[in-house]
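**Q** Quick one: structure below, then a few questions.
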Amino acid sequence: MTEWGLFLVLFLALFIGWVLGRRRSPKALKEELKQVPSDYFRGLNHLLKGQQSEAIDAFVDSLEVNSETFDIHLTLGNLFRKKGEIQKAINIHQSLLARPDLSARDTRLVQLELASDFMSAGLLDRAERLLLNVATRKTEFQKEILALLVDLYEFEQSWDKAIKIAEQLQLEFPTKKQAQRLAHFHCELAQDAVKGDRWTVAFQEYKAAISADLDCVRATIGLADVYIHQGRFRDAIKELKAVADQDHEFLPVVITKIKECYRKVWGSGGYIKFLQDQLAKHPSATLIKALAEHYAEDDKEFAEQFIIDQLKAHPTIQGFQELIDMQRADSKGHDEENLSVLYELIEQLITSKPKYRCRQCGFSGHQLHWQCPSCKSWGSVKPIHGLEGE
Ligand SMILES: [Zn+2]
């Protein structure tokens, strides 16, 4: 049912309930029908003419605010907000708040809804003031109030404030999703610190992120970056390899860094062993390419055969391109020209395809975003796997 349909059903149900609830004689009922607010009939008239928006306005006007219609007004206000008609939602919630006989519980409930209206309208200062005011007393809506405050500070990118409230929320109502979010708030602070060359702060914030969420890949990569900056390549390798255990889908993102770190300290032995182990568990185009490049340094034929075998088991366009690249290097004249054209065409195809996709909403793009630009969820954008990806 559409939201408009829900509006209408609400009002018709209310009206029918009102009439049936009277249990009067036909004559008395006729008299009482005369008392039905004229706005109600105005609403029906609009409805019959197909003017849904006007009908809703008239119905809202006809509905007196009292204890019996409180929930309906609250629902209506929320529906208006979801529909994007924020001013109507604000009006309804403010008229509810103006009621002198509103209980303390209902007052806080309406304030919560009004804060949501203000946030939707971009009136963040008013929303913050209202929420902080309601949050001073512990209520049954504590979870919703704290969650809204976290949303608000996240939107404002006030990471310190967001962390403070998110920690309180996590302490009282722990969830994995909230822990992930809290970790990313720390990562945002760490990222700012890196930009300002404040590496000690960055280290502390990445550590705090890991404390909040042990599976935070972003913090692990961030910590590795701090170690690389400090020349602690062994520690960086340890962190980067841990990404495979946290979420192997992110492995393609760290392969180049792992290779560079190994080169600085131990050469390629441990690196190749790591790649081989991971390939057996979680094959990807980046792993195949990295291993093929290494094999090609000693034995090109072996490297080509390795790619062919891998392509049979794990076909990807990137793997195919790597194979063409190797064959192109061995060919001359006309063959080399043809292979170069083919290579460039595949390159264009790969460049035109998105590399990352949000597992929550399906948003895709060429860059790795730690917060999905579309659905705003944290850590849900990951490398694309399959024929056109990894
Ligand atoms: Zn998304």
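**Q** Can you name every residue in the range 242-272 that is out of contact with any helix residue (DSSP H, G or I) (no Cβ under 6 Å at 6 or more places or on another chain) and either modelled with pLDDT of 95 or more or closer than 19 Å to GLY379 by Cα (or both)?
**A** Hits for the range 242-272 are ASP245, HIS248, GLU249, VAL253.
Residue by residue, here is whether (1) of a type in the set (Lys, Arg); (2) at pLDDT below 90; (3) outside the structural domain of LYS259 (by TED's automatic domain parsing) holds:
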site	(1), (2), (3)
ALA329	no, yes, yes
LEU342	no, no, yes
ARG359	yes, no, yes
TRP370	no, no, yes
LEU387	no, yes, yes
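**Q** Check PRO100 against each of (1) modelled with pLDDT of 85 or more; (2) over 21 Å from ALA147 (Cβ atoms) and name the one condition it does not meet.
**A** The one condition PRO100 does not meet is (1).
**Q** Continuing with this model, one more query. So which residues in the range 339-370 are within 11 Å of the ligand (Cβ to nearest atom) and surrounded by fewer than 17 Cβ atoms within 10 Å (Cβ to Cβ)? Give the steps one after another, and end with the answer.
**A** To start, the set of residues in the range 339-370 that are within 11 Å of the ligand (Cβ to nearest atom) comprises 356-365, 369.
Matches in the range 339-370: ARG359, GLN360, CYS361, GLY362, SER364, GLY365, HIS369.
**Q** The conditions are (1) buried (at least 22 other Cβ atoms within 10 Å of the Cβ); (2) under 18 Å from TYR271 (Cα atoms), and PHE185 fails exactly one of them. Which is it?
**A** With respect to (1) buried (at least 22 other Cβ atoms within 10 Å of the Cβ); (2) under 18 Å from TYR271 (Cα atoms), PHE185 is out only on (2).
**Q** Counting just the residues of the range 372-386 that are of a type outside the set (Ser, Thr, Tyr) and near the ligand (Cβ under 6 Å from one of its atoms), which one comes out surrounded by the most Cβ atoms within 10 Å (Cβ to Cβ)? Write out each step before concluding.
**A** To start, the set of residues in the range 372-386 that are of a type outside the set (Ser, Thr, Tyr) comprises 372-373, 375-376, 378-379, 381-386.
Filter once more, keeping what is near the ligand (Cβ under 6 Å from one of its atoms): 372, 375.
Numbers: CYS372: 21, CYS375: 14.
Result: CYS372.
**Q** Same structure again: I'd like the residue in the range 110-148 that is hydroxyl-bearing (Ser, Thr, Tyr) and surrounded by fewer than 20 Cβ atoms within 10 Å (Cβ to Cβ) and, out of all such residues, is nearest to the chain's Cα centre (by Cα).
**A** Within the range 110-148, the subset hydroxyl-bearing (Ser, Thr, Tyr) is 116, 120, 136, 139.
Then keep just the ones that are surrounded by fewer than 20 Cβ atoms within 10 Å (Cβ to Cβ); that gives 120, 136, 139.
On the way: SER120: 18, THR136: 29, THR139: 28 Å.
Per the criteria, the residue is SER120.
**Q** To continue, here is another question. Go through the range 268-289 and count every residue that is open to solvent by 30 Å² or more (accessible area, probe 1.4 Å) and outside any helix (DSSP H, G or I).
**A** The total comes to 3.
**Q** Still on this structure, please answer the following. Name the single residue that is least open to solvent (accessible area, probe 1.4 Å) among those in the range 311-337 being under 13 Å from SER284 (Cα atoms) and β-branched (Val, Ile, Thr).
**A** THR316
The values are calculated or read from the model by the stated rules, or taken from the named source; none is laboratory data. From a predicted model like this one, the values you see are computed outputs, not experimental measurements. A quick note on method: Cβ atoms are made from the backbone with ideal geometry, for glycine too, and the neighbour counts reach across all protein chains shown. Quick note on the areas: whole protein, heavy atoms, side chains included, nothing else; ligands and nucleic acids left out. Shrake-Rupley method; radii C 1.70, N 1.55, O 1.52, S 1.80 Å.
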